[in-house]
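To start, the structure itself, in structure tokens.
The values are calculated or read from the model by the stated rules, or taken from the named source; none is laboratory data. On a predicted model such as this, the values are computed, not experimentally measured, just so you know. Here Cβ is always computed from backbone atoms with ideal geometry, including for glycine, and neighbour counts include all displayed protein chains.
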Amino acid sequence: MSSPSTGLDRLPAARDRLTQGMGDGLHTGAQLYVSLRGAPVCDGAVGEAAPGVPVRPDTVFRWLSAGKPVAAVAVAQLAAKGLVGYDRPVAEYVPEFEQNGKRAVTLRHVLTHTGGFRSAEPSATLPTWEERVAGTCAAHIEERWVPGERAGYHPNSGWVMLGEVVRRVTGVPFDVFARNHVFLPLGMEDSWAVATPDLPQRYGSRWGELHSMEGGQSAVHPAYSTHASLNVLRPGSTLRGPARDLGLFYEALLTGMNAFPVSEALGGPGRVASGALSPASATEITSRQRTGMLDETFNHVMDWGLGVIIDSKQYGPGVPYGFGQHASPRTFGHGGSQSSLGFADPEHGLVVAAIFNGLPGEARHDRRVKRVTAAIYEDLGLALS
């Protein structure tokens, strides 16, 4: 069954590779949003979200780790107002975090994955946000880890602490802050940080699930299904929306405009005054802050900004969650586990957001992303010679 699409015909090679991925059993449907120098090129979809239900450009999918940069922007808004400092200890805002050797861990360490508390990955089955925070605070720093001197991707723990910093400083839960101060100001109307029980019913057939594609067979992924994730907030993995919304987020970071208004927070201590994330703040997030360090989680040298991956293919093949062979060295973004990718390439003025509803395994997903991103550059005449 074909699905409605807008603009995919302008990217014929990319469209064909999305379709080929369905035939290869990698996904049953996908979304692609592309803009060039601020002008939308593609806001399209292919395939099915469920049998007989087409994926639409406005279908709402979970982004997994592709949503991590939203928390980075939330913290940057507070930093721009002088309410937090990147080089201040996390424990200055969440005092109980300092226990078990973590006193020296700063916000910059968290955002660059150099904090050394990867083992503090709280279970998604913990029933409350407070217990999730307490579990992270109680974790020990890794043996022989000096914050800032070693690097290793923290899939969840660091982003739990960023969300709690936002809550402690503003008095507003992270999901409410993200909705009011990131999503809505950017026109990301269908983006959410947590799946509340009303959302699946509200969206109906526009509510998409991620699928396990083991053996080429599609089944709703048990860990990422709506039922498993209702009311579970994890700032590093439960954000969701259409690819179009993720693209709008990267367009704002790319332009460096005053695109993230910080209006009055909803009561509580540390009320945030009106203002905006400055171009300088956006540049700081998206420029190299960690360079040439071996990532001990991915076992590859990778460069990072503040919460975003910076193109790292100069360190050799096999860079995890990269942006493809044609991306410029200044390209920044983030991928979501086996399923999604958002990035901006400043040298070309290019923004790409892609969501695949199938999780086919890391290796197959990596090949899928490389094929699709290469095709986008080639379709637009941006491929490196």
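Suppose we keep only residues that are in contact (Cβ under 8 Å) with a residue 60 or more places away in the chain, touching a His at 6+ places or on another chain (Cβ under 8 Å) and not small (G, A, S) within region 204-234. Which one would you say is surrounded by the fewest Cβ atoms within 10 Å (Cβ to Cβ)?
For region 204-234, the residue satisfying everything is E209.
If a residue must be of a type outside the set (A, V, I, L, M, F, W, C) and modelled with pLDDT under 95, how many such residues does region 363-385 contain?
1
Scan region 239-288 for residues that are under 24 Å from R168 (Cβ atoms), part of a loop (DSSP other than H, G, I, E, B) and at pLDDT below 85 and report the count.
Number of matching residues: 17.
Working only within region 165-187, note down all residues that are in a helix (DSSP H, G or I), in contact with a Pro (Cβ under 9 Å, 6 or more places away or on another chain) and of a type outside the set (K, R).
Selection gives V166, V169, T170, F174, D175, A178, H181, P185.
Per-residue answers, yes or no, for (1) more than 22 Å from G381 (Cα to Cα); (2) touching an Asp or Glu at 6+ places or on another chain (Cβ under 7 Å):
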{"residue": "L18", "(1), (2)": "no, no"}
{"residue": "G21", "(1), (2)": "yes, no"}
{"residue": "L32", "(1), (2)": "no, no"}
{"residue": "G38", "(1), (2)": "no, yes"}
{"residue": "V55", "(1), (2)": "yes, yes"}
{"residue": "A71", "(1), (2)": "yes, no"}
{"residue": "A76", "(1), (2)": "yes, no"}
{"residue": "K81", "(1), (2)": "yes, no"}
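Any chance region 188-196 includes a residue that's outside any loop (DSSP other than H, G, I, E, B), without any contact (Cβ under 8 Å) to a residue 40 or more places away in the chain and either under 16 Å from R234 (Cβ atoms) or out of contact with any Asp or Glu (no Cβ under 6 Å at 6 or more places or on another chain) (or both)?
There is no residue in region 188-196 that is outside any loop (DSSP other than H, G, I, E, B), without any contact (Cβ under 8 Å) to a residue 40 or more places away in the chain and either under 16 Å from R234 (Cβ atoms) or out of contact with any Asp or Glu (no Cβ under 6 Å at 6 or more places or on another chain) (or both).
Test each condition in (1) touching a strand residue (DSSP E or B) at 6+ places or on another chain (Cβ under 9 Å); (2) surrounded by 19 or more Cβ atoms within 10 Å (Cβ to Cβ) for E164 and report the one that comes out false.
All conditions pass for E164, except number (1).
Among the residues of region 141-160, write down those that are outside any loop (DSSP other than H, G, I, E, B) and of a type outside the set (S, T, Y).
Selection gives P147, R150, A151, G158, W159, V160.
I'd like the residue in region 366-380 that is without any contact (Cβ under 8 Å) to a residue 60 or more places away in the chain and not aromatic (F, W, Y) and, out of all such residues, is surrounded by the most Cβ atoms within 10 Å (Cβ to Cβ).
This residue is T373.
From the residues in region 77-97 that are over 21 Å from the mean Cα position of the chain (by Cα) and closer than 12 Å to L162 by Cβ, which one is surrounded by the most Cβ atoms within 10 Å (Cβ to Cβ)?
Checking each candidate, the answer is V90.
Can you name every residue in region 359-378 that is in a helix (DSSP H, G or I) and among the small types (G, A, S)?
In the first step, residues of region 359-378 are kept if they are in a helix (DSSP H, G or I); the result is 362-378.
Within region 359-378, A363, A374, A375 meet the criteria.
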